[in-house]
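To start, the structure under review is shown below, and the notes come after it.
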Amino acid sequence: MKIERIDLLYIKMPLVLPFETNYCRDYDMEKLILKVYTGDLIAYSECVAEVTPTYSYETIGTAREILKTFIFPTVMGKEIRDPECYCDLVSWIRGHEMAKASVENAVWVLKALEKGVSLAALIGGDTDRVVSGVSIGIQDRVEELIDLIGAYLDKGYPRMKVKIKPGKDVKIIEAVRNHYPDIALMVDANNAYSLKDLQVLRELDRYNLLMVEQPLDYDDIVDHVKLRTLIKTPICLDESIHSPYFARVAAELNACQIINVKQARVGGLKPAVEVHDISRENNIGVWCGGMMETGIGRAVNVALATLPNFIYPSDISASERYWDRDIIDPAFTLNSDGTISVPTGPGLGVHVDENALDRYMISREVFRI
């Protein structure tokens, strides 16, 4: 395939509810959407970099610049046989995995379209449904959190993830667990703690949590190795796993029992599959994390989560969890068994609604060979 044109769309979508983490409180999400053209095929993809350098050093601004100045000129007009070939072409660019992933995803989708198969089938997925979970941001009052959890349980979500930070942790989780003693519950710290907070992290052991996600620094593995021997709650690493190499380091050092695989964080689907395989070989279970994607990015995550070692419910919820109006039609919905159906059509398997894109668009830039 040869990429002949790329439209870079900058959109802004309001969230249904504000979403607060250890980093900030978001009321909307700004996204880069790529519309990638070859001779006779078109693929959409999404860059998940955020506005501020909190979750990652990448931002929507840096991603835009890296795409325009380095990635697009490197790949446009070149013969790209497959995603591995694309990865080789951009391997000289250090870091900027989210920017790289946005084009890498499009190459996967184009390859699936060429073959007339779904993205899930192309990467070797083996299921038609993936188990969903829901992520809940920090709330002002614990009563609001309990009500939200009840609403999501009523919708059929089988697993709750609650964001925590110092001062909004043990008492919050105690109240939730007292109200819902039997639900599948986990917490996400977004690297808000250190080993100095060991007492707080040990107190969480009382609440029968599935896992505590990324309790320590975003680039740390060594202290997580220490923490694993000091608490009973299983540790899940997210921000620390920047690439398949860091998954190997975490496995060999015995730093965690679980890894959250975000394909954009590690550079795309190809390295995400490698993280999956490394984890499976080392008896580390995985699940698919989210970056509040539109339906385009969500479709990629759904395909990824069909691989066999995704044994925990993933942060792949229905479109309505975040958006009044998604940019795909139909939107993703939750099945009665708490799962999301895997698209079976060629490529992404979802229809992108150009009218919805126009509604949210801030700017459009067109790049040709």
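In the stretch 172-213, of all residues being in contact (Cβ under 8 Å) with a residue 60 or more places away in the chain and of a type in the set (Gly, Ala, Ser), the one that is least open to solvent (accessible area, probe 1.4 Å) corresponds to 189. Checking residue 126 against (1) open to solvent by 40 Å² or more (accessible area, probe 1.4 Å); (2) assigned to a helix (DSSP H, G or I); (3) within 29 Å of residue 272 (Cα to Cα); (4) of a type outside the set (Val, Ile, Thr): exactly one of these is not met. Which one? Status for residue 126: all satisfied but (2). Close Cβ contacts (under 6 Å, 6 or more residues apart or on different chains) running from residues in the stretch 234-245 that are in contact (Cβ under 8 Å) with a residue 40 or more places away in the chain and open to solvent by 10 Å² or more (accessible area, probe 1.4 Å) to residues that are hydrophobic (A, V, I, L, M, F, W, C) and not in a strand (DSSP E or B) comprise 243/266. Please verify whether the stretch 33-43 includes one or more residues that are farther than 25 Å from residue 363 by Cβ, surrounded by 14 or more Cβ atoms within 10 Å (Cβ to Cβ) and among the aliphatic types (A, V, I, L, M). Looking through the stretch 33-43, none of the residues is farther than 25 Å from residue 363 by Cβ, surrounded by 14 or more Cβ atoms within 10 Å (Cβ to Cβ) and among the aliphatic types (A, V, I, L, M). When residue 290 is tested against (1) small (Gly, Ala, Ser); (2) modelled with pLDDT of 95 or more; (3) open to solvent by 10 Å² or more (accessible area, probe 1.4 Å), just one condition goes unmet, and that condition is (2). For the stretch 269-284, state whether one or more residues are in a strand (DSSP E or B), of a type in the set (A, V, I, L, M) and crowded, with 19+ Cβ neighbours inside 10 Å. Taking every residue of the stretch 269-284 in turn, none turns out to be in a strand (DSSP E or B), of a type in the set (A, V, I, L, M) and crowded, with 19+ Cβ neighbours inside 10 Å. Taking the criterion of being crowded, with 17+ Cβ neighbours inside 10 Å and under 20 Å from residue 32 (Cα atoms), would at least one residue in the stretch 357-366 satisfy it? Yes, the stretch 357-366 has at least one match. If the condition is being open to solvent by 40 Å² or more (accessible area, probe 1.4 Å), closer than 30 Å to residue 75 by Cβ and part of a strand (DSSP E or B), then the stretch 1-15 contributes 2, 5, 12.
When residues in the stretch 331-356 are screened for being more than 16 Å from residue 294 (Cβ to Cβ), open to solvent by less than 50 Å² (accessible area, probe 1.4 Å) and not small (Gly, Ala, Ser), 4 of them pass.
Considering each of 18, 53 in turn, give the residue that is open to solvent by 50 Å² or more (accessible area, probe 1.4 Å), outside any loop (DSSP other than H, G, I, E, B) and within 30 Å of residue 139 (Cα to Cα). Answer to the selection: 18. Looking across the stretch 153-171, the residues that are at negative phi, open to solvent by 10 Å² or more (accessible area, probe 1.4 Å) and free of Cβ contacts under 8 Å to residues at least 40 places away in the same chain come down to 153, 154, 166, 168, 169, 170, 171. Listed by first and then second residue, the pairs linking a residue in the stretch 24-41 that is closer than 21 Å to residue 356 by Cα to a residue that is of a type in the set (Ser, Thr, Tyr) and crowded, with 21+ Cβ neighbours inside 10 Å, with Cβ atoms under 7 Å apart and 6 or more places separating them unless they lie on different chains, are 31/294; 32/102; 33/44; 34/44; 34/45; 34/102; 35/44; 36/45.
The values are calculated or read from the model by the stated rules, or taken from the named source; none is laboratory data. Please read these numbers as outputs of a predicted model, since none were measured by experiment. Note that each Cβ is placed from the backbone with ideal geometry, even for glycine, and that neighbours are counted across all protein chains shown. Heads up: the accessible areas ignore ligands, DNA and RNA and are worked out on the full protein's heavy atoms, side chains in. Shrake-Rupley method; radii C 1.70, N 1.55, O 1.52, S 1.80 Å.
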